[in-house]
Amino acid sequence: MQTFFLHRYAAHRMFTMSKGWERVFELLTFIFQGSSFLSPRGYALLHREHHAFSDTDRDPHSPHTSKGFIDMNWKTAVRYAGLWRGTIKPEPRFEGGYPEWPALEKLADSWLVRVGFGGLYTLVYIAYAPHWAFYLLLPFHYFMGPLHGAIVNWFGHTAGYRNFDTDDKSRNSLPFDFVTMGELFQNNHHRYGQSLNFAARAWEIDPSYWVIRGFAALGIIQIVKEQKQRYPEAPAANASAPAFAPARRADLSS
């Protein structure tokens with residue numbers, strides 16, 4: 001749900017869907033993320049800032065402008081919370097085009113619900129964990145939403161190879177990203193910000209792309225435009241490539 005609904009839909013509007021399906025997928029995001037639910041609005045605003053200011057002092061989560069992994073994630077959490085709850089005002093160009101379901105988000109953000117999900121995860125471990133060492137995995141389940149983002153933000157800008165000479169330090173960490181379902185193709189994504197397929201080369205695989213194409217074939221979503229990754233690029237085109245290829249305002253408001 002994080003890469004499909006929050007990232008590619010809420011933040012980038014790479015495809016559209018009916019209001020009914022939007023509610024279904026936001027509800028599924030709430031169920032799957034549980035104790036670590038992330039608001040589509042907060043996620044979208046934070047992510048658009050990241051693209052606009054990638055690896056600069058204004059990037060909300062760059063490992064290159066942070067003192068370390070913990071510092072980066074603390075700054076991310078503070079910025080995200082402020083954007084979601086309205087205590088931080090984003091630039092107007094970043095606003096609009098994201099799902100909003102105030103009743104669900106208020107429920108999901110309550111301590112009763114977050115702790116309740118955490119308790120449910122713990123009960124599952126008590127019932128089925130074959131060894132006490134498995135309990136060490138519980139924190140990952142408690143914070144799986146932010147942890148997913150932390151892995152991408154850190155390793156996607158510090159570890160791996162580069163296909164494109166972007167203005168930031170983005171990397172592609174895995175040629176077959178089975179860990180985050182395509183999110184670790186950060187260099188490709190920062191060069192072609194509106195490409196539905198995060199893989200650019202023949203041997204790179206973005207699993208989420210094929211899931212999304214399946215949803216489109218079933219009529220669940222409609223792909224509004226599919227920016228094509230081009231590898232290799234001509235040197236002149238590559239040199240002038242923007243760090244962020246945002247959707248047009250009309251697309252963000254649809």
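Nothing in this text is a laboratory measurement; each read-out follows from the coordinates by a stated rule. Nothing here was measured: the structure is a model prediction, and the numbers come from that model. Cβ atoms come from the backbone with ideal geometry, glycine included; neighbour counts cover every protein chain shown.
Applying 1/(1 + (r/R0)^6) with r as the Cβ-Cβ distance of Arg58 and Val179 and R0 = 25 angstrom yields a FRET efficiency of 0.35. Each of Met144, Met14, Met1 was scored by other Cβ atoms within 10 Å of its Cβ. Arranged with the fewest first, they read Met144, Met1, Met14.
Stick to Cα atoms and the Kirkwood definition of Rh, then tell me Rg/Rh for the chain. A ratio of 0.96. Each of His131, His61 was scored by other Cβ atoms within 10 Å of its Cβ. Arranged with the fewest first, they read His131, His61.
Normalised radius of gyration (Cα atoms, divided by 2.2 N^0.38 Å) for segment 104-147: 1.27. Just checking the listed ones, Leu38, Leu46, Leu28: in the Gaussian network model of the chain with Cα springs under 10 Å, the one fluctuating most is Leu28. When both segment 199-226 and segment 114-130 are represented by their alpha-carbon centers, they are found 34 Å apart. Helices in the chain that qualify as membrane-span-like (whole DSSP H runs, Cα extent of at least 15 Å along the helix axis, mean Kyte-Doolittle hydropathy of -1.0 or higher) are 19-33, 69-85, 111-128, 144-155, 207-217. Taking the helices alone, the chain has a mean residue ellipticity at 222 nm of -13000 deg cm²/dmol, built from -39,500 (n - 2.57) per DSSP H run of at least 4 residues and averaged over all its residues. Comparing mean-square fluctuations of Ala11, Ala103, Ala217 from a GNM of the chain with C-alpha springs under 10 Å, the top value falls on Ala103. Computed extension gain for Phe143 through Lys228, at 0.36 nm per residue and net of the alpha carbon distance, reaches 27.2 nm.
Taking springs between alpha-carbon atoms closer than 10 angstrom, which of Ile212, Ile70, Ile151 fluctuates most in the Gaussian network model of the chain? Sorting by GNM fluctuation, first place goes to Ile70. Fewest-first ordering of Lys19, Lys225 by other beta carbons within 10 Å of each residue's beta carbon gives Lys19, Lys225.
For the pair Val211 and Ile31, the difference between a 0.36 nm per residue extended length and the Cα-Cα distance amounts to 62.9 nm.
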